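Step one of this worksheet: look at the structure below.
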Amino acid sequence: MAKKRKKVSKKMRRAQLAQPVTAAPDTKRTEATAVVRLTPAPKAATVADLGEEYRYVYADLRRIAIIAVAMFALLVLLNFVVK
């Protein structure tokens, strides 16, 4: 039986072709053609980038903490009122 192949959509092909490529320093020239190895540019993620990207998470966590403290205080207050 033949191996199954994964079909690549046109969008995926365009995305792969749109990635920036840089020429590697080890280029070789022969008599008829020049051979250049192309490699994709390295992706460097820094801590500052992640902090900027997930800024909304910190706001959500702060809001959840404030609501939790308020609910806990309400429970303690109701405990004294009910008894």
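The values are calculated or read from the model by the stated rules, or taken from the named source; none is laboratory data. Source: prediction; values computed, not measured. Protein only, heavy atoms only, side chains kept; ligands, DNA and RNA dropped before computing areas. Shrake-Rupley method; radii C 1.70, N 1.55, O 1.52, S 1.80 Å.
So the values come out like this:
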| item | result |
| --- | --- |
| Solvent exposure ordering (accessible area, 1.4 Å, most first) of 60, 49 | 49, 60 |
| Most to least accessible of 11, 83 (protein chains only, probe 1.4 Å) | 83, 11 |
